[in-house]
Amino acid sequence: MILPIIAYGDPVLRKKGQEIMKDYPDLEQLIINMWDTMYEAYGVGLAAPQVNCSIRLFIIDPSPFAEDENLTDPEKEVLSSLKKVFINPKIIAEEGEEWAFNEGCLSIPEIREDVFRKPRITIEYQDEDFNSFRETYEGLAARVIQHEYDHIEGILFTDKLSSLKKRLIKGKLSDISKGKVDVDYRMRFPAMKKGR
Ligand code: NI
């Protein structure tokens, strides 16, 4: 089932997600719905708060990035096989010189901005069967994970912009929260109190 994606301005996007256990109600169905919702919107990642569920869960599939001509073959291979569910994740290390990448977010349609992040992360998490992992990711793979991880911490990529950039997009963000935006996937806008 396609779920409405919660738009910028809704308080659920600002909450820290709760850890979950194996018996979390309808978890399997929630994950299926999140995949459907993410692919319908052509996203490469989706976090549970974006579908109004304040828990520590996100999914990623950065395979569209593997098309990038500038990447090496090993990088392409990593990106195209990184369809994954992250439950109760914890980033335990972020290293390297910060680099800029033009990010967007399904909750903030029509805004894309360069965001600086460190290039290498180590993350501990559980998969959908609650097996535990500790892995290191670099480059675009790390980038997608960092963006989704921020969502379960209540952080949005627009928080990371300079104060000048923030001022420049303020009006657009307020329009998004009111539903004054052209978007071709299902969303719920906080200032409209209804979906579409
Ligand atoms: Ni996002």
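The values are calculated or read from the model by the stated rules, or taken from the named source; none is laboratory data. In this text, all values refer to a predicted model and were calculated from it rather than measured experimentally. Cβ coordinates were reconstructed from backbone atoms using ideal geometry, including for glycine residues, and neighbour counts include every protein chain displayed. Surface areas here come from the heavy atoms of the whole protein model, side chains and all, with no ligands, DNA or RNA. Shrake-Rupley method; radii C 1.70, N 1.55, O 1.52, S 1.80 Å.
Say whether the condition of being in contact with a His (Cβ under 6 Å, 6 or more places away or on another chain) and either of a type in the set (A, V, I, L, M) or on the phi > 0 side of the Ramachandran plot (or both) is met by at least one residue in the stretch 60-75.
The answer is no; no qualifying residue exists.
Take Tyr42 and tell me if it is surrounded by fewer than 17 Cβ atoms within 10 Å (Cβ to Cβ), closer than 12 Å to Ile87 by Cβ and modelled with pLDDT of 95 or more. No: the conditions fail for Tyr42.
Filtering the stretch 128-158 to residues that are aliphatic (A, V, I, L, M), under 28 Å from Lys22 (Cβ atoms) and open to solvent by less than 20 Å² (accessible area, probe 1.4 Å) leaves Ala141, Ala142, Val144, Ile145, Ile152. Selection of first residues in the stretch 16-28 that are of a type outside the set (Asp, Glu) and of second residues that are open to solvent by 70 Å² or more (accessible area, probe 1.4 Å) and modelled with pLDDT of 95 or more, restricted to Cβ pairs under 9 Å at least 6 apart or on distinct chains, gives the following pairs, ordered by first then second residue: Lys22/Asp129; Leu27/Glu128.
Between Thr158, Thr136, Thr122, which is of a type in the set (Ser, Thr, Tyr) and in contact with a Cys (Cβ under 9 Å, 6 or more places away or on another chain)?
Of the residues listed, the single one that is of a type in the set (Ser, Thr, Tyr) and in contact with a Cys (Cβ under 9 Å, 6 or more places away or on another chain) is Thr158.
Go through the residues of the stretch 10-26 one by one and say whether even a single one is hydrophobic (A, V, I, L, M, F, W, C), surrounded by 14 or more Cβ atoms within 10 Å (Cβ to Cβ) and touching a Gly at 6+ places or on another chain (Cβ under 8 Å). The answer is yes; a qualifying residue exists. Of the residues contained in the stretch 146-156, one or more are found to be among the small types (Gly, Ala, Ser) and at pLDDT 95 or above. Highlighted here are the strands (runs of 3 or more DSSP E) found entirely within the stretch 50-127 that include at least 3 residues which are crowded, with 17+ Cβ neighbours inside 10 Å: 57-60, 84-95, 113-117, 120-126. If you check every pair at least six apart or on different chains, which have Cβ atoms under 6 Å apart with a residue in the stretch 95-109 that is closer than 16 Å to Ile6 by Cβ and within 16 Å of the ligand (Cβ to nearest atom) first and a residue that is in a loop (DSSP other than H, G, I, E, B) and open to solvent by 40 Å² or more (accessible area, probe 1.4 Å) second? Taking only residues 6 or more apart or on different chains, the pairs are Gly104/Arg112; Ser107/Tyr8; Ile108/Tyr8.
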